[in-house]
Amino acid sequence: MSESIELKEPIFKLSVRFSNGEMVHYVVDSPIDSRSITPETRYAVISSVACQNPNECTEQTVINLRDVTFVRTERVTLDQLAAEHRMAGLRASGRGDDKFKNLSYLKFI
């Protein structure tokens, strides 16, 4: 059995906005390093691990940066994350406290 990850401040909310207006959010432990995004950068890879079992990758997302309007990180507190309200809609069902269950890592390629 592996040791679990406890989210500690400072934590950051990673926001990715696509050109069609859709936004996705992740919890990361460090801000974006602007030097890692060069004119040759084409993709962003977001890997999420479960806080209860950090050896298990729960989600792997590859984003084509040509379809992205912006990628940013914002420093938040655990209280701010807990206070955010879920958006109504089909995608929102069943995802209540997922923000606290996964920690994501961002890499640009």
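Every read-out reported here was derived from the displayed coordinates using simple, explicitly stated rules and does not represent laboratory data. These figures come from a predicted structure and were not determined experimentally. Quick reminder, even Gly has a Cβ in these numbers, built from the backbone with ideal geometry, and neighbours come from all protein chains shown.
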I want to make sure I understand the PRE zone here: with the label point 7 angstrom from the Cα of SER19 toward its beta carbon, which residues in the stretch 35-66 have backbone N atoms less than 12 Å away? 64-66
Taking amide H atoms as placed 1.01 Å from N in the peptide plane, list the residues 5 or more away in sequence, or in a different chain, whose amide H sits under 5 Å from that of CYS51. ASN102, LEU103
Could you work out the percent of alpha carbon pairs in the stretch 26-67 separated by over 15 Å, rounded to a whole number? 54 percent
Which of the aspartates and glutamates could a cross-linker bridge to LYS8, judged by Cα under 17 Å and excluding same-chain residues fewer than eight apart? ASP29, GLU74, ASP79, ASP97, ASP98
Taking loop as defined by DSSP and a crowding limit of 15 other beta carbons within 10 Å, which trypsin sites (Lys or Arg not before Pro) in the stretch 12-85 fit? ARG42
If the chain between GLN80 and SER36 were fully stretched, how many nm would it gain, using 0.36 nm times the residue separation less the Cα-Cα distance? 13.1 nm
